[in-house]
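A short worksheet on the structure shown next.
The values are calculated or read from the model by the stated rules, or taken from the named source; none is laboratory data. Note that the coordinates shown come from a computational prediction; the quantities given were computed from them, not determined experimentally. Here the Cβ positions follow ideal geometry from the backbone for every residue, glycine too, while neighbour counts run over all protein chains shown.
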Amino acid sequence: MKLLIPGPVELDSTVSNAMAKPIMGHRTPIFSEILNECWSILKEIYNTRNDIALITGSGTSAMEAAVASVVKDSDEVVVIEGGKFGERFGEISEAFGAKVNTVPVEWGKSFTKEDVEKVVSDSNAKVITLTHNETSTGVIHNAEIVGKIAREYDMLFIMDAVTSLGGDVVETDKWGVDLCVSGSQKCLAAPPGLGFVAVSNKAYEAMENNQKRKAYYLDLLRYRKALKKETTPYTPSVSLIYGLNTALLRIKDEGINVRIERHRKLARVFREAVKAMNLELFADSSCASNTVTSIKIPEDMNDDDIRGNLLREFEILVAGGQAHVKGKIFRIGHMGNVQFGDIIQVLGAMEIILKRKGHSFKLGEGVKTALEEFL
Ligand SMILES: Cc1ncc(COP(=O)(O)O)c(C=O)c1O
């Protein structure tokens, strides 16, 4: 089956094979060497000099680690929403007792600087959160603006880069991201199950002053202490780290800028082809993601007509809409190792399905547009 969901993504066979290696002791110099190599490449991809906590847990564990380490009961947090994952930061903050001030954002669109500043200036929040690439809508947000606001108001900036890191530009230090969260199974094309948080000194200071923080396993100060000894605080998932290490070495071989350009080009090619098939994109063109594209399901069709047929006849798995856009959109992940051939494959399958359903467009127009755009 072909996975074109926005994570987990297909792994290169070298990555899968690496995970079959015998387990080694995690408190050994040789394992520290592997960890050090992972940290060093991750820092390049993150564009950061900050420490990176490597957590055995999915992306949400890293989101929780970021929030739980700096937020305590009754603190105020500004949460920029605009999709399922943006909202998740609010849910986590509330779980740790915070009062959430939301910046509502229409799904498929991005925020304005004024929207954010209004909520920030009306609050006493010391933390602001943003989902850089909102996977539920296929929108990439301008993180630099949020970084500037965070600096101006002396707030900690927590950013979810789960579906941007490794597929689009993430400038952790330049943008002033204090806690930059990501995960293994998306654009990095590593196995699911590892989370990362790049932590600034300002964030560490806030944790040291946050004696009432409610975290143990996910307390990022414990990760800092272990990092100094080139290890993790608890037994890490050794096999997943073998896989991550190999995936990161492959990214280094490709070159991070080349990789980002590949994602951008394939996203552009895909969007143009979709429009040529007389389908409507869900995300505004000014903020369309380079790693996931959301498409409106034509009014006379349902989710099963598209996704069900893609899976049954062509063995291609793509994602559906979430929450209030469930059944209204479908989403294609083009992240990680995705190549032009994968894009052509899904476009061809979509054309056949749409034609059979009587959708009005010229057969072959999507694939032709993709070829022309790629050229
Ligand atoms: C933007 C974003 N943030 C967070 C997550 C949560 O990651 P996980 O499912 O690995 O916990 C996802 C997963 O799809 C995501 O796309």
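Picking from residues in segment 46-75 that are farther than 19 Å from H132 by Cα and out of contact with any helix residue (DSSP H, G or I) (no Cβ under 9 Å at 6 or more places or on another chain), the one that is surrounded by the most Cβ atoms within 10 Å (Cβ to Cβ) is K72.
Taking the numbered list (1) in contact with a strand residue (DSSP E or B) (Cβ under 6 Å, 6 or more places away or on another chain); (2) under 14 Å from G366 (Cα atoms); (3) crowded, with 20+ Cβ neighbours inside 10 Å in turn, E280 passes all entries but (3). Among the residues examined, A125 does not qualify as hydrophobic (A, V, I, L, M, F, W, C), modelled with pLDDT of 95 or more and closer than 21 Å to G57 by Cβ. Remark: pairs (first residue in segment 267-282, at positive phi; second residue surrounded by fewer than 22 Cβ atoms within 10 Å (Cβ to Cβ); Cβ separation under 7 Å; 6+ apart in sequence or on different chains) = N278/H359; N278/S360; N278/F361.
Considering segment 46-61 alone, what residues qualify as being more than 16 Å from the ligand (Cβ to nearest atom) and either assigned to a strand (DSSP E or B) or outside the structural domain of S184 (by TED's automatic domain parsing) (or both)? Show your work before the answer.
Just the residues of segment 46-61 that are more than 16 Å from the ligand (Cβ to nearest atom), to begin with: 47-52.
The answer is D51, I52.
All conditions in (1) away from the ligand (no atom under 16 Å from the Cβ); (2) modelled with pLDDT of 95 or more; (3) part of a loop (DSSP other than H, G, I, E, B) hold for Q211, with the sole exception of (2). Taking segment 192-208 as the range and being surrounded by fewer than 24 Cβ atoms within 10 Å (Cβ to Cβ) and either in a helix (DSSP H, G or I) or within 13 Å of the ligand (Cβ to nearest atom) (or both) as the test, the residues that pass are P192, G193, N201, K202, Y204, E205, A206, M207, E208.
Quick one: which of T291, T232 is of a type in the set (V, I, T) and assigned by TED's automatic domain parsing to the domain that holds G166?
Numbers: T291 fails: assigned by TED's automatic domain parsing to the domain that holds G166.
Result of the check over T291, T232: T232.
Counting only residues that are surrounded by fewer than 24 Cβ atoms within 10 Å (Cβ to Cβ) and more than 13 Å from the ligand (Cβ to nearest atom), segment 76-87 holds 1 of them.
Restricting attention to segment 16-40, the residues that are part of a helix (DSSP H, G or I) and among the small types (G, A, S) add up to 4. Of the residues making up segment 140-157, those that are in contact with a helix residue (DSSP H, G or I) (Cβ under 7 Å, 6 or more places away or on another chain) and either assigned to a helix (DSSP H, G or I) or not assigned by TED's automatic domain parsing to the domain that holds Y46 (or both) are A143, E144, I145, V146, G147, I149.
Considering segment 111-139, and only residues there that are within 16 Å of the ligand (Cβ to nearest atom) and in a strand (DSSP E or B), the residue that is nearest to C187 (Cα to Cα) turns out to be N133.
Taking the conditions exactly as written (in contact with a Leu (Cβ under 7 Å, 6 or more places away or on another chain), within 16 Å of the ligand (Cβ to nearest atom) and on the phi < 0 side of the Ramachandran plot), does L11 satisfy them or not? Give the derivation first.
Values: in contact with a Leu (Cβ under 7 Å, 6 or more places away or on another chain): no; within 16 Å of the ligand (Cβ to nearest atom): yes; on the phi < 0 side of the Ramachandran plot: yes.
The answer is no for L11.
Determine whether K43 is in a helix (DSSP H, G or I) and surrounded by fewer than 23 Cβ atoms within 10 Å (Cβ to Cβ). Spelling it out, K43 is indeed in a helix (DSSP H, G or I) and surrounded by fewer than 23 Cβ atoms within 10 Å (Cβ to Cβ).
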